[in-house]
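The values are calculated or read from the model by the stated rules, or taken from the named source; none is laboratory data. Treat the numbers as computed from the prediction; the structure is a model and nothing was measured. Cβ: placed from backbone, ideal geometry, glycine included. Neighbour counts: every protein chain shown. For the accessible areas, the whole protein counts, side chains as well, though only heavy atoms, and no ligand, DNA or RNA atoms are used. Shrake-Rupley method; radii C 1.70, N 1.55, O 1.52, S 1.80 Å.
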Protein chains: 2
Amino acid sequence: MTTGYEIRPVGYVESTIKDRAGAPKQGFEGAPDAWLVFDAAVAEATRDILPGADVFVLTWLDRAERDVLAVHPRDDPANPVTGVFSTRSQDRPNPVGLHRVTVAEVHGLRMRVQGLEAFDGTPVVDVKPVLDGGR
Amino acid sequence: MTTGYEIRPVGYVESTIKDRAGAPKQGFEGAPDAWLVFDAAVAEATRDILPGADVFVLTWLDRAERDVLAVHPRDDPANPVTGVFSTRSQDRPNPVGLHRVTVAEVHGLRMRVQGLEAFDGTPVVDVKPVLDGGR
């Protein structure tokens, strides 16, 4: 096992989702609009993100449990226990959230996005354009 | 800016790609097959990954430069300088690689995947199933 690497957040999520009880399982299952609020230090990295862009947002799910290796998918005991690498559980060794969203509005360092299921205050790690074929 | 978080690799990539000169820009542009080699500590997390699975592999691009905020996309000076959050440049504040691949073979903790463009030895951070619509 190699040594660890440091994630340095580049911003955070503003959302009306405050806890697990209020959160949909996936963004396309009815997440409210949310805002990405970027740190001024990465303004240059964000400058070409425009409304309408289809992007992957990577977050650090800071309320996740990292010692969980298998779960009942969707927290439903009727689903058989499954290794977390075959699920989208937030509980996993490295709880990086992967969210495919559409950018709705851009106001400087603040961007409104559609379809982001993350708690208010979740750190943002990265943004990447979606390539052909959803890659 | 909040404090950092620690990525703890769960395995690494075995690939014939040894350096930037030999690497395609994206996995679907002719990357050779590669192997994911998982740490025994996460065996339970990997146990339900089967051949044919379409997954996102997240890596830590440990040879990337983290202080780069804008680049000429695809290293081509003819492309205008673009903020890295609108590109798939490996050089970015948090160099998490996002690779959509198909699992070809599984042998315990070793899995052969198709379409992974990462250097030999690149740390693996996470694996997630691809959901409907490439999410």
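Data overview
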| item | result |
| --- | --- |
| So B:Glu105, is it over 14 Å from the mean Cα position of the chain (by Cα) and within 18 Å of A:Ser86 (Cα to Cα) | yes |
| Hey, A:Glu6 modelled with pLDDT of 95 or more, touching a Leu at 6+ places or on another chain (Cβ under 7 Å), surrounded by fewer than 19 Cβ atoms within 10 Å (Cβ to Cβ) and within 8 Å of another protein chain (Cβ to nearest Cβ) or not | no |
| B:Ala64 among the small types (Gly, Ala, Ser) and open to solvent by 10 Å² or more (accessible area, probe 1.4 Å) | yes |
| All positions within region A:34-57 that are within 19 Å of A:Gly121 (Cα to Cα), surrounded by fewer than 21 Cβ atoms within 10 Å (Cβ to Cβ) and in contact with a strand residue (DSSP E or B) (Cβ under 6 Å, 6 or more places away or on another chain) | A:Trp35, A:Val37, A:Asp39 |
| Neighbours by Cβ (under 6 Å, 6+ apart or cross-chain): first from region B:89-110, under 30 Å from A:Ala43 (Cβ atoms); second of a type in the set (Asp, Glu) | B:Asp91/B:Glu65; B:Asn94/A:Asp126; B:Val96/A:Asp126 |
| Top-ranked residue in region B:9-33 [being assigned to a helix (DSSP H, G or I) and either more than 9 Å from chain A (Cβ to nearest Cβ) or modelled with pLDDT of 90 or more (or both); ranked as surrounded by the fewest Cβ atoms within 10 Å (Cβ to Cβ)] | B:Ala21 |
| 1 or more residues within 12 Å of chain B (Cβ to nearest Cβ) and small (Gly, Ala, Ser): qualifying strands (runs of 3 or more DSSP E) within region A:39-135 | A:96-107 |
| Qualifying residue in region A:73-81 (condition: modelled with pLDDT of 95 or more, basic (Lys, Arg) and surrounded by fewer than 21 Cβ atoms within 10 Å (Cβ to Cβ)) | no |
| Filter pass, B:Ala104 being surrounded by 14 or more Cβ atoms within 10 Å (Cβ to Cβ) and among the hydrophobic types (A, V, I, L, M, F, W, C) | yes |
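Residue-by-condition table, conditions (1) modelled with pLDDT under 95; (2) within 12 Å of the chain's Cα centre (by Cα); (3) basic (Lys, Arg):
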residue	(1), (2), (3)
A:Gly83	no, no, no
A:Ser86	no, no, no
A:Arg110	no, no, yes
A:Ala118	yes, yes, no
